[in-house]
């Protein structure tokens, strides 16, 4: 398809290296540990670092390929190799490249207007686009379609590029987040969204109902058009660990993926300090309707949930994984979770992004967490890391330290 021969050869060589790593027995061993964790069986804590600081470790400027398509694949493969060499933890490398089905989704049809600082990951200010109650009419029902020709062209190009070095598979949508209130604040503005819960709750429920109906319609269309992809393997469940499980797809699975064959995820991060009663009224009653369609579910992200575990479990019977952010009371959360859910712990990324790096302090903090969560099914996900202060060895050392410490707490 007219791709530069030298650049194709470069990508294929990187793919060959990934294939060799993927063939190592340790990959199957780690995948089985994830399955056991997700079955809530006794297993050591699982450890992953999600690198959000590629600009300080392996950024776009280090790619050789000039062809845009090849450049994207070169960077992807180099990052897989970098992660494996320096901070593998319990990531799993598989010898497969996914060629996406070209899904067109109109979404809610409402733009987000922001004011952003110069810093590339600085906090944004949301300018309200829903100012009056009648503006609810701006929220449209999502429409889904598929570009079959584009799907086949992309698949053919992937197959030509990899030429058997890595297996190429078509894949539909496999990641699902239900976070309608977090979306709503971007349209309404943060302060006003909170005031709406008190000043105009009936209208707010109309908005949330409209958004829920839209999300359910979108999900139904994806299922009807056979555009879903299984996520019971090397796919992250929300902000947590990997979705390896032999509980999905369902026993009656016949090749056509349905939501009940998949993991789903929901979160209302903005409700960190909202009361349990309001959390139930303005979040869980809608989240439960959406997640009821999935076989297994995860919940939460950055919001502290240690006081709301029982409430969340009451509404979400298929819940299997719950996020425990840096701001939880670990002991209280562990007591509430017990052995009933995966305790998806998120250390504070400031450990790695601060002025100085103190490995021993990081070790003692994580050891304290492991002591308090004995008996739980635990995963540790270092995420939301936007800087390592130009010292990537901090991430390498944290991953090695956390993995070694996890072995000490093996069940």
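The values are calculated or read from the model by the stated rules, or taken from the named source; none is laboratory data. Every value quoted in this text rests on a predicted model; they were computed, and no experiment measured them. Counting neighbours? That spans all protein chains shown, and the Cβs are built from the backbone with ideal geometry, glycine included.
Of the listed requirements (1) within 19 Å of residue 363 (Cα to Cα); (2) out of contact with any strand residue (DSSP E or B) (no Cβ under 9 Å at 6 or more places or on another chain); (3) assigned to a loop (DSSP other than H, G, I, E, B), residue 328 misses just one: (2). Considering segment 251-269, the residues that are touching a residue at least 24 places away in the same chain (Cβ under 8 Å) and under 16 Å from residue 226 (Cβ atoms) include one that is surrounded by the fewest Cβ atoms within 10 Å (Cβ to Cβ), namely 256. Scanning segment 336-347 for residues that are surrounded by 15 or more Cβ atoms within 10 Å (Cβ to Cβ) and either closer than 17 Å to residue 375 by Cβ or more than 17 Å from the chain's Cα centre (by Cα) (or both) yields 336, 337, 340, 341, 342, 343, 344, 345. Evaluated against (1) at pLDDT 95 or above; (2) surrounded by fewer than 18 Cβ atoms within 10 Å (Cβ to Cβ); (3) under 22 Å from the mean Cα position of the chain (by Cα), residue 360 falls short on exactly one condition, (3).
From the list 363, 374, pick out the single residue that is out of contact with any strand residue (DSSP E or B) (no Cβ under 8 Å at 6 or more places or on another chain) and over 19 Å from residue 306 (Cα atoms).
Working: 374 fails: over 19 Å from residue 306 (Cα atoms).
Within the list 363, 374, the selection yields 363.
Among the candidates 66, 50, the residue that is surrounded by fewer than 19 Cβ atoms within 10 Å (Cβ to Cβ), closer than 26 Å to residue 349 by Cβ and touching a residue at least 24 places away in the same chain (Cβ under 8 Å) is uniquely 50. Here residue 293 passes the criteria (1) under 20 Å from residue 379 (Cα atoms); (2) in contact with a strand residue (DSSP E or B) (Cβ under 9 Å, 6 or more places away or on another chain); (3) part of a loop (DSSP other than H, G, I, E, B) except the one numbered (1).
From the list 244, 286, the one residue that fits, being surrounded by 20 or more Cβ atoms within 10 Å (Cβ to Cβ), touching a residue at least 12 places away in the same chain (Cβ under 8 Å), part of a loop (DSSP other than H, G, I, E, B) and out of contact with any strand residue (DSSP E or B) (no Cβ under 7 Å at 6 or more places or on another chain), is 244.
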